[in-house]
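Here is the structure we will look at.
Values quoted throughout were computed directly from the atomic coordinates according to the rules given, and no laboratory measurement underlies them. Keep in mind that this is a model prediction, so the values were computed, not measured. Neighbour counts are summed over all protein chains in view; Cβ atoms, including those assigned to glycine, are modelled from backbone coordinates with ideal geometry.
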């Protein structure tokens, strides 16, 4: 071996030793000062489930939205500060953005996540966080969203391929999660729903794009909407003040009234291929209608416009050639036709059963 090569080899070994010594020294100094070396925190006691935490300014934030793959999302009530915990989220695989009023969390594998152009900031904490990932790469990802009573959200949107759970009574403390004027829209693309001890004066909308189990317990909302391709739905202790709309392509709805009734609401139950059981009533492959409000609910299929009366002459000034309608107009019209009916409970299961007791 040439003398030059030997010199370079010795220098390399010395630099490596110095680097290791510096790492141990920095680690001990960080431990003494309570400084985290990694952005994720965890230990062997937690099964190497590493978490990253973000605080929420309850006085400023009005909208929170998640759009994630392969992630279970949990929403809890807390007496502490509102916050978001990301469990087993490797660096560089997600994008967390926050402005004056909005928080958004999405998946990303782009290098763009390292650079925050708007704030002239580089989000790169060193390769140690990326190497650290191998300790928990096989662990399930999860998001824990903790909300306290002082937060005033206008909208909470959660889209995930995993389970979505809202538990306002975690720890059996006889409490509930209250989001007074928050429109909540939850969509799962392959997971289940569990909503319990939740109260809102606004809308709760659930949508399952694949087979799912939907469970609701002690839910108090203004309007509840549930849509599913194939969903078995269990409802207990539900209270809605404006409208209920459930539309399942296939599945089953088990609704335990718990002493409540539909006295102030029109009721429409429909199955295309199945059985309706409501109290002592049994209907197979058909409709059950009960009008308890001033304006009778239409027995036509929910989501479709009512047919005009034959004696009513159409207003020619309002006629529009279908060929002249833009796609945007027809989309808006379809959305309008799907609106829930005020003071009505409408449950439609195209293939399956409805049991209310």
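When both bridge partners sit in segment 51-260, DSSP labels roughly 20% of those beta bridges antiparallel.
Sorting 78, 165 from the fewest to the most surrounding beta carbons within 10 angstrom yields 78, 165. Ranked by the mean number of other Cβ atoms within 10 Å per residue, highest first, peptides 221-229, 176-184, 52-60 order as 221-229, 176-184, 52-60.
Here segment 220-288 carries DSSP beta bridges of which approximately 30% are antiparallel, counting only pairs with both residues inside. Relative to the compact-globule estimate of 2.2 N^0.38 Å, the Cα radius of gyration of segment 51-260 comes out at 1.07.
Shown for 206, 9, 287: other C-beta atoms within 10 Å of each C-beta, ranked fewest to most, produce the order 9, 287, 206. When both segment 182-237 and segment 51-93 are represented by their alpha-carbon centers, they are found 20 Å apart. Counted over segment 225-293 with a bin width of 5 Å, the fraction of Cα pairs per bin, in whole percents, is 4, 13, 25, 30, 21, 7, 0.
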